[in-house]
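Heads up: the structure comes next, in structure tokens.
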Amino acid sequence: MILNKKTIVLVLIFFLFNNFSYSKINLEIIMKINNQILTSYDLEKESNYLLALNPKLKEISENDLLDLAKRSMIKETIRKSEVLKYKDLNLENAQINNVLNKIVQNLNFSDQSQFENYLNDFDISIDDIKEKIEIENEWKNLIYARYSKSVKINKNDLISKIEKISKEEFSLEYNLSEIVYGKTQNISLEEHSKKILESIKINGFENTANLFSITDSSKSGGKIGWVKKNNLSSEINHELENLKVDSYSSPIKIGNNYLILKINDIKKVAIEFDKQKELDRMILSETSKQLDKFSNIFYNKIKLNSTISEF
């Protein structure tokens with residue numbers, strides 16, 4: 001049988017692809033979420049992404065890292081599927097660069113070019129990061145469109161708070177990291193809390209946030225940055241006032257979930273602010289907190305109605 005040039009090229013491509021797949025990646029189907037198939041390559045890439053954002057994850061076991069990557073893939077796949085019902089992704093949203101710049105700063109790189117070189121070590125492109133950012137941004141936009149009218153803000157309470165603050169000369173600001181968790185099906189809340197606190201001692205706070213926290217901040221080790229004392233509830237302030245830098249709180253009940261906070265740093269700042277701007281900022285902060293709760297509720301509802309098969 002005589003093969004023409006086109007056939008020979010196709011055979012070579014097929015052979016090279018299979019050789020690459022099985023010898024380097026050992027490609028296997030590991031999961032199916034509704035109609036979306038996820039492979040061992042997807043899992044490896046997700047693991048690398050999480051390591052790139054939080055290098056301390058090298059300290060946890062390989063099995064824990066793979067479990068974390070699986071949960072992360074499930075969450076992103078379900079969110080992406082829901083977002084695509086309403087909008088196509090194009091990596092051109094102006095919000096993407098704002099978030100990307102924050103990631104670059106949090107990882108202490110001088111510019112995006114330096115960050116891209118860093119990503120090469122993890123076999124991740126800048127477009128991979130941008131797509132993940134866009135999925136998260138569009139998910140937040142979806143949650144806002146769906147639940148913004150359900151957000152309840154007591155402006156009078158906030159105004160009273162501002163009036164009280166304006167009489168003080170200085171205020172404290174905390175640089176915080178968080179772990180937010182709730183009840184799980186297979187373990188009691190008490191056992192789950194104990195497991196998380198033990199993990200903090202063994203794996204560190206940041207790695208435990210990656211492993212257990214249900215908020216989006218988990219990808220960056222639970223970091224939420226600088227927060228003014230006056231923007232925190234009295235219960236949270238009561239927990240934090242007795243803590244030193246690099247220490248963490250006991251679990252604090254927040255709605256249906258529990259919160260553990262770590263103080264990374266503390267600073268004292270002079271109080272100089274525009275009352276209207278401060279009110280707007282407080283409203284935005286409270287709105288964000290409530291929308292985060294709606295986000296978790298909506299995601300869990302979609303997940304419950306999804307078909308997830310592992311192989």
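Calculate the translational D of the stretch 169-270 in whole µm² s⁻¹ from Stokes-Einstein, where the hydrodynamic radius comes from the Kirkwood formula applied to all Cα pairs, the temperature is 37 °C and the viscosity 0.692 mPa s.
236 µm²/s
Full-extension gain between S234 and L100, please, as 0.36 nm times their residue separation minus the C-alpha to C-alpha distance.
Between S234 and L100, full extension yields an extra 44.9 nm.
So what's the gap between the Cα centers of the stretch 63-77 and the stretch 109-125, to the nearest angstrom?
Each part reduced to its Cα centre gives a spacing of 22 Å.
Working only with C-alpha atoms, what are the Rg and Dmax values of the chain, expressed in angstrom?
Rg then Dmax for the chain, in Å: 22.7, 93.
Can you give the calculated 222 nm mean residue ellipticity of the chain, where each DSSP H run of n ≥ 4 adds -39,500 (n - 2.57) and the sum is split over every residue, rounded to the nearest 500 deg cm²/dmol?
After summing the helix terms and dividing by residue count, I get -17500 deg cm²/dmol.
Kirkwood hydrodynamic radius of the stretch 252-311 from all distinct Cα pairs, in Å?
Working: mean 1/r = 0.0645 Å⁻¹.
In the stretch 252-311 this quantity evaluates to 15.5 Å.
Find how much the distance from L243 to I187 grows on full extension, using 0.36 nm per residue of separation minus their present alpha carbon separation; answer in nm with one decimal.
17.2 nm
Largest first and in whole Å, what are the equivalent-ellipsoid semi-axes of the stretch 60-175 based on the Cα gyration tensor, each being the root of 5 times an eigenvalue? Present the calculation step by step, with values, prior to reporting the outcome.
Values: eigenvalues 222, 105, 55 Å².
Ellipsoid semi-axes (Å, largest first): 33, 23, 17.
On a full-extension model of 0.36 nm per residue, what is the gain between D265 and W226, subtracting their alpha-carbon distance, rounded to one decimal in nm?
Details: separation 39, 0.36 × 39 = 14.04 nm, distance 0.86 nm.
Here the answer is 13.2 nm.
When the Karplus curve 6.51 cos²θ - 1.76 cosθ + 1.60 is applied with θ = phi - 60°, which whole-Hz ³J(HN,Hα) does each residue of the stretch 68-79 get, with x for Gly and Pro?
Per-residue couplings from phi come out as 4, 5, 4, 4, 5, 5, 4, 4, 5, 4, 5, 5 Hz.
I'd like the Karplus ³J(HN,Hα) series for the stretch 128-133: coefficients 6.51, -1.76, 1.60, θ = phi - 60°, whole numbers in Hz, and an x wherever there's a Gly or Pro.
Once rounded to whole Hz, the list reads 4, 5, 4, 5, 5, 4.
Throughout, read-outs are computed from the coordinates displayed, never taken from laboratory work. Quick caveat, the model's predicted, so the values are computed rather than measured.
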